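Data block below; observations after.
The values are calculated or read from the model by the stated rules, or taken from the named source; none is laboratory data. Source: prediction; values computed, not measured. Glycine gets a Cβ as well: all are built from the backbone with ideal geometry, and neighbour counts include every protein chain shown. Note: areas computed on protein heavy atoms with side chains; ligands, DNA, RNA excluded. Shrake-Rupley method; radii C 1.70, N 1.55, O 1.52, S 1.80 Å.
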Amino acid sequence: MRRVHRLFGAAFLLCVISIPARAEPVISKSYSYFRIGGRTAEDLDKELERHGPVTRTSGHRHPGATEIKFGGEVTYVERGGRCSVGGAKVTLRTHIILPRWNIGGKAEKDLRFIWATLSADIKRHEERHAEIARNYARMLQNELLALPARKTCDGVEALVTETTRRVLAEHDKQQALFDRVEAKNFDARMTRLLQYRIDQRQR
């Protein structure tokens, strides 16, 4: 006998087949862009605040965002009076939202230089959010497949629910920690990146 349990996750800012036990999670990533204008650094800052995506975790606009959605399916198999996980397929969809500057080619050279540095850092930051999510998708799938058998499938289902809740809670904490560290180090990081690009340009 087989039973199926679907996993449901929430979007973070900031699912149906039986499958081989060793399969990787199904992971996808997409991008979209919001347009900004401005002819000064102050303009760019205001445009990002005005048009940047709003994350559900903070309720504020940001220069970029990564929408994360976990899902999946677990199958249960009963044999010899015991129930175990027959298969698990975790799914992860990430959608990265980034800024696109409309008049970059017409702006002053120094401002284009600053924007290139800033936009690259925004993209790096959001890509790291997606990477953290991928790591936890793999962790979740591995832990689900390793769950012990129980006398009943209800018992195994309870383990699946608790494991999913715990791993996704750890994921959310790690994402929040990453944001706090990045925000704290922003000024020093941008100064270092700008100096590095200046040095590279002068060589």
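Checking each residue in the range 143-171 for being surrounded by 15 or more Cβ atoms within 10 Å (Cβ to Cβ) and out of contact with any Cys (no Cβ under 9 Å at 6 or more places or on another chain) picks out 143, 144, 145, 147, 159, 160, 163, 164, 167, 168, 171.
For the range 74-93, a residue qualifies if it is open to solvent by less than 10 Å² (accessible area, probe 1.4 Å) and over 16 Å from residue 24 (Cα atoms), and the qualifying residues are 76, 83. Restrict the check to the range 66-74 and report whether at least one residue is of a type in the set (Phe, Trp, Tyr) and under 27 Å from residue 145 (Cα atoms). Looking for residues that are of a type in the set (Phe, Trp, Tyr) and under 27 Å from residue 145 (Cα atoms), one finds at least one in the range 66-74, hence yes.
Contact list please: Cβ distance under 8 Å, first residue in the range 120-141 and under 10 Å from residue 25 (Cα atoms) and open to solvent by less than 70 Å² (accessible area, probe 1.4 Å), second residue hydroxyl-bearing (Ser, Thr, Tyr) and not in a helix (DSSP H, G or I), pairs at least six apart or on different chains. So the pair list comes out as 134/94; 137/91.
If you go through the range 175-193 and keep only what is among the polar types (S, T, N, Q) and either within 17 Å of residue 75 (Cα to Cα) or surrounded by fewer than 15 Cβ atoms within 10 Å (Cβ to Cβ) (or both), you end up with 185, 191.
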